[in-house]
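Q: Can you read through this structure? Questions will come right after.
The values are calculated or read from the model by the stated rules, or taken from the named source; none is laboratory data. As the structure is a computational prediction, the values presented were derived from the model and not from experiment. Neighbour counts run over all protein chains shown; Cβ positions are idealised from the backbone, glycine included. Protein only, heavy atoms only, side chains kept; ligands, DNA and RNA dropped before computing areas. Shrake-Rupley method; radii C 1.70, N 1.55, O 1.52, S 1.80 Å.
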Amino acid sequence: MQLGLDFTLVEELVAGVDEVGRGPLCGAVVTAAVILDPLRPIIGLNDSKKLTEARREVLFDEIREKALAWCIARAEVEEIDRLNILHATMLAMQRAVEGLSVTPKLALIDGNRCPRLAVPSAPVVKGDSRVPAIAAASILAKVSRDREMIEMDRLYPGYGIAGHKGYPTPVHLEALQRLGPTPIHRRSFAPVREAAAGESGKALEA
């Protein structure tokens with residue numbers, strides 16, 4: 001049973017940084033940076049993927065209340081298509097760290113590489129299940145992006161976005177072929193590019 005991460009690992013003014021949304025075919029990539037308060041532990045922090053939606057929602061509010069500083073940032077679909085998803089993610093992480101109201105002494109980045117930052121940084125593989133501040137960042141990023149995808153489902157019905165959050169599920173891929181891409185779909189991703197080409201072919205035939 002997961003009882004939460006070890007808060008003895010919370011160091012003063014260390015920011016955790018994580019992203020959500022590298023794999024989806026639509027929507028922004030969302031990042032967060034969090035500096036936790038060692039004196040105000042948050043029970044039950046964990047990698048956002050290992051938590052229920054209801055638990056993430058509760059922790060989302062608690063993190064924003066108790067953290068010394070937090071920032072949610074993003075890179076838009078247009079930036080993803082222009083820069084590629086890796087560079088857009090790095091840009092969004094930069095924005096999250098730069099948006100903190102407190103300057104961290106160190107930024108710990110989930111994964112195996114770091115964006116270019118004005119503060120010292122280090123990558124932590126599987127950091128969202130090892131470092132409390134990264135786990136907190138993963139929760140802020142995921143809840144924020146999931147809420148946005150539910151709103152996008154209302155704007156673009158028929159794709160099932162509220163359910164799959166933009167990931168390339170069979171339901172999403174079928175809808176993409178049938179309905180074509182929306183303005184929030186990433187044209188640089190192969191399934192979207194192929195669906196757009198199919199739409200162009202239909203238009204030419206007509």
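Q: If you place +1 on the Cβ of every Lys and Arg, -1 on the Cβ of every Asp and Glu, and leave all else neutral, what size is the dipole of region 39-161 about its Cα centre, to the nearest 20 Debye?
A: Computed about the Cα centre, the dipole is about 500 debye.
Q: Lysine pairs, Cα distance under 30 Å, 8 or more residues apart or cross-chain: how many in the chain?
A: 20
Q: Here's a follow-up. Could you state the accessible area per residue of region 23-168 in Å², with a 1.4 Å probe and every protein chain left in place?
A: Roughly 44 Å² per residue, with all protein chains present.
Q: Can you give the angle from 0 to 90° between the axis of helix 132-155 and the longest principal axis of the chain, with both taken from C-alpha atoms, to the nearest 10?
A: 30 degrees
Q: Computed from the coordinates I sent, Cα Rg over 2.2 N^0.38 Å equals one of (i) 1.26; (ii) 1.09; (iii) 1.18. Tell me the label.
A: Correct label is (ii).
Q: What net charge is computed for the residues neighbouring ALA122, neighbours being all others with C-beta under 13 Å from the C-beta of ALA122, Lys and Arg scored +1, Asp and Glu -1?
A: Net local charge, ALA122 excluded: +1.
Q: Counting only protein heavy atoms, what percent of the accessible surface of the chain is carbon or sulfur at a 1.4 Å probe?
A: 56 percent
Q: Using a 10 Å Cβ count of at most 16 others and DSSP loop calls, identify the longest part of the chain lacking such GluC sites (Glu not before Pro).
A: 77-206
Q: Further question on the same structure: If you fit an axis through the alpha-carbon atoms of helix 170-179 and take the longest principal axis of the Cα set of the chain, what angle between them do you get, 0 to 90°, nearest 10?
A: 40 degrees
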